[in-house]
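S.K.: Here's a structure for you.
The values are calculated or read from the model by the stated rules, or taken from the named source; none is laboratory data. Just so you know, these numbers come straight off a predicted model, no measurement behind them. Here the Cβ positions follow ideal geometry from the backbone for every residue, glycine too, while neighbour counts run over all protein chains shown.
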Amino acid sequence: MFRFAHPGYLYLLLLLPLLAVFYWYAENRRKAAVRLFASAAMMQALAASASPLKRAVKFSLLLVAAASLILAVANPQVGTRMEEVKQEGVDIFIALDVSLSMKAEDVKPNRLEKAKYEIRNLIGRLAGDRIGLIIFSGQAYTQFPLTTDYSAANLFLDAVDCESVPDPGTAIGASVQQALRSFNFDDPTAKVLVIITDGENNEGDAVAQSEDAAKKGVLLYTIGMGSPDGAMIPVYDAAGRMLDFKRDKSGNPVMTKLDEAALQKIAGMGGGQYYRATNSQDELDEIYKNINVLQKREFGTKRFTDFEDKFQYFLLLGIIALAADVMMTDKKLPWLEKFNPFKRLR
């Protein structure tokens, strides 16, 4: 396994293209100034020993030195030993509704962003528990499987939006089925499924799927996003300006309402609890407190436990490139000029 011990320093590499652009700009300004100072024939006589090629090579060496030293500071590492690490925890799948109705703003900033905020907070509190994410609208897909790599989980969560699943609709039952396919029931760990949705189920029989999950020992919690009174779905342009509200075929604004009754039934059937999302409370935190009282089972995960530093190779390359840049002049080498095939063309 390859990784960087301090990946934040890699952002410094973004400065290198800016340096290249600055060098190109400075060279063009220098050439323009030279043309104003004297004719091309006179400058060739006055600066016969100057080598534009060596000037470019010196700058290239400087870029190589800078890139190498940045990589050395970031400290590339290679995993040298993998072993099974024993942990205790619970397997938690979050089923997140990404249908268009989750853009309604009766929960601030909107239903989907509030849900992602709570999931992000939950990931930050986990210690040994495995977490996975299922996203659904008309169909359900696993965004990432059960893992203890919480950094990777946050990266995959950040990528989720209402365009993540192309099929329209709200198939709660499909998300439960996907979770059942993703859990390893040969593993004795406790299994929890948290469904975050506005509850407007219009695909399949969610209650029947939830009953099947409960029979297999999966604890079901539900979080309702929105309000029973309903809210309209705003439509924004690329600049973030609200243009209108989502409308049906007749031109009327679409009203999306929270279906609490269905979510309460699903949670009750699965031995869990239903929560309605609010602007002030973290419902997933409450659920995690309940999960923590479950008997946690031991499981093993394979991890790289020994990493070997490789920064010294990049440090050596950087020093060599920097030394070559300092030692090299921008004058032509007389002995090399003898082998220049283009000197007759100048």
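S.K.: Go through (1) closer than 18 Å to residue 258 by Cα; (2) at pLDDT 90 or above for residue 139 and report which single condition fails.
M.R.: Going through the list (1) closer than 18 Å to residue 258 by Cα; (2) at pLDDT 90 or above, residue 139 breaks only (1).
S.K.: I'd like to know if segment 235-243 contains one or more residues that are in contact (Cβ under 8 Å) with a residue 24 or more places away in the chain and surrounded by 11 or more Cβ atoms within 10 Å (Cβ to Cβ). Steps first, answer last, please.
M.R.: As a first pass, look at segment 235-243 and keep what is in contact (Cβ under 8 Å) with a residue 24 or more places away in the chain: none.
There is no residue in segment 235-243 that is in contact (Cβ under 8 Å) with a residue 24 or more places away in the chain and surrounded by 11 or more Cβ atoms within 10 Å (Cβ to Cβ).
S.K.: Can you pull out the residues in segment 94-128 that are in a helix (DSSP H, G or I) and among the aliphatic types (A, V, I, L, M)?
M.R.: 100, 102, 112, 115, 119, 122, 123 - these are the residues of segment 94-128 that are in a helix (DSSP H, G or I) and among the aliphatic types (A, V, I, L, M).
S.K.: Something else: Which one is nearest to residue 118 (Cα to Cα) among residues in segment 212-227 that are in contact with a strand residue (DSSP E or B) (Cβ under 6 Å, 6 or more places away or on another chain) and not small (Gly, Ala, Ser)?
M.R.: 223
S.K.: Check residue 164 against each of (1) hydroxyl-bearing (Ser, Thr, Tyr); (2) crowded, with 16+ Cβ neighbours inside 10 Å; (3) in a loop (DSSP other than H, G, I, E, B) and name the one condition it does not meet.
M.R.: Residue 164 satisfies every listed condition except (2).
S.K.: Would you tally the residues in segment 110-139 being of a type in the set (Ser, Thr, Tyr) and within 14 Å of residue 155 (Cα to Cα)?
M.R.: 1
S.K.: Keeping to segment 250-266, report how many residues are within 12 Å of residue 172 (Cβ to Cβ) and of a type in the set (A, V, I, L, M). Explain how you work it out, then say what you get.
M.R.: Filtering segment 250-266 down to residues within 12 Å of residue 172 (Cβ to Cβ) leaves 259, 262-263, 265-266.
Filter again for of a type in the set (A, V, I, L, M), leaving 262-263, 266.
Here the count works out to 3.
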